[in-house]
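What follows is calculated from the coordinates using simple rules that are stated; it is not laboratory data. What you see is a predicted model; the values in this text were computed from it and never measured. Here the Cβ is made from the backbone with ideal geometry for all residues, glycine too, and neighbour counts use every protein chain on show.
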Amino acid sequence: MDTTFFGREFGILVIMDSVSEKVIYHQLVKTERDEYYQVALNRLREKGYIIQSITCDGRRGLLRDLFDTPTQMCHFHLVAMVMRKFRKKHKSAAGKALKILVKPLKEAQKINFIAIYTYGI
């Protein structure tokens, strides 16, 4: 689930089912607020959806409020956050290593990711 904006005050909150890969909820919004996600999830539950887990952009309040549901930060958002924090010419060895580790994450399949970081393949 995520919200994408087209301009300053026009966005759409979208929730997709990862199994069917279909949009199961959408709402036009002017801002991104945790309450909108909570309402959306409640409406889906009222319709009989069983929410097994959530992948989102890692909004702090949202992750905290969804403690009953396993939640994961989207790999794309995680990579973007690390790359923003550690600019191109980052000085520390830890920062450079983290960039190298996280960069392939958004495209990696689980088995490939495990092989890369376990065996250095």
Query raised in the report: Among ARG8, ARG45, ARG33, what is the fewest-to-most ranking by other Cβ atoms within 10 Å?
Result: ARG8, ARG45, ARG33
Query raised in the report: With charges only on Cβ, +1 for K and R and -1 for D and E, what is the dipole size of segment 2-73 about its Cα centre, in debye, rounded to 20?
Result: 100 debye
Query raised in the report: Which residues' amide hydrogens lie under 5 Å from the amide hydrogen of VAL29, considering only partners 5 or more residues apart or on another chain, with H built in the peptide plane?
Result: GLY11, ILE12, LEU13
Report summary line: Extension length gain for PHE5 and SER18 (0.36 nm per residue less Cα distance), in nm, is 2.5 nm
